[in-house]
Amino acid sequence: MQLLLGFLLALIIAFLAYKAHSLNKSGAIAATFTGTIIFGIGGWEWAILLLTFFITSSALSRAFKKRKQGLNEKFSKGHERDAGQVFGNGGIATLFAALHFFFPNELWPWLGFAAALAAVNADTWGTELGVLNPHPPRMITNLTKVVEKGTSGGISLIGTLASLAGSALIGILASLFNPLADSASIFFVITLAGLAGALFDSFLGATVQAMYFCPTDNKETEKHPLHTCGTPTTLIRGWSWLDNDWVNFACGAFGVLTAMIWAIL
Ligand SMILES: [Zn+2]
């Protein structure tokens, strides 16, 4: 019964997001799947965390449009999310919701779920709000190197504080709705895990994420095989399979790893 309700709720939200152009068709199908598992198996506490991520990240990606003009260029996709982005951001959280079905009385599926969402939320808030930083960002692997806004691997003070806030919001909700343990320590571990995941995302962006080059515009881009101008792009650095969706997946995984190590210690 709860699974059916979860499916209906997920379907309605995915449909509204599709109508609002936050999701394209494949993204809406993927979101219905992830939403059904998370709402249907987890219940309302899990739904609130997922919706907090989904609603704030969709809203922030539309906000400050003027400041982002010309930057969209650098990001590989617009604000309409596809299935790859939905699974990149929500795949690990979905896995932990499914694990909760098999281990309903244990805390760790909740910790993994919250840590994965805290990480992708921190990453999204940092990326979307980082554009408000008055100065250009610096490379996470070399803080003396100033780079253009929107460059993968670039970090700024406002972006990092936004990541911390995005992570802490999920941390607060995770501790409020936690089934068993001491709330203060859950808030702390989830917030830390989320920030660690977002920083790991930037680190991958600076090192091994696939980056391409458009010869027509003489520009570095995440877009492949074609640039926005229609020119085929060529790989200039990174691993060709490690696109933005896999980097988001790794961001969530690193958040989970941080939380689990903390929990074991
Ligand atoms: Zn181009």
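Data for the structure
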read-out	value
Point-to-point label distance, residue 105-residue 241, nm (Cα→Cβ direction, 7 Å offset)	4.1
Cα centre as origin, Lys/Arg/Asp/Glu Cβ charges: the chain dipole, Debye	760
Residue among 144, 108, 44 farthest towards the positive dipole end of the chain, charges placed on Cβ	144
Listed residues 57, 88, 170: farthest to the positive end of the dipole of region 29-176 (Cβ charges)	57
Under-5 Å amide H pairs with residue 237, H placed in peptide plane, nonlocal only	211
Residue 145 long-range amide H proximity, modeled H, under 5 Å	139
Whole-number Å³ per residue for the convex hull built on Cα positions in region 143-218	120
Residue exposure sequence - 247, 131 - by fewest surrounding Cβ within 10 Å	131, 247
Relative contact order (percent, whole number), the chain, Cα cutoff 8 Å, 6+ residue spacing	19
Point-to-point label distance, residue 143-residue 182, nm (Cα→Cβ direction, 7 Å offset)	3.1
Extension gain (nm, one decimal) between residue 51 and residue 80, 0.36 nm per residue minus Cα-Cα	8.8 nm
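Every number in this text was worked out from the coordinates using simple rules, so none of it is lab data. Bear in mind that the values here come from a model prediction, so they are computed numbers and not experimental data. Methodologically, a virtual Cβ is constructed for each residue, glycine included, from the backbone with ideal geometry; neighbour enumeration extends over all protein chains shown.
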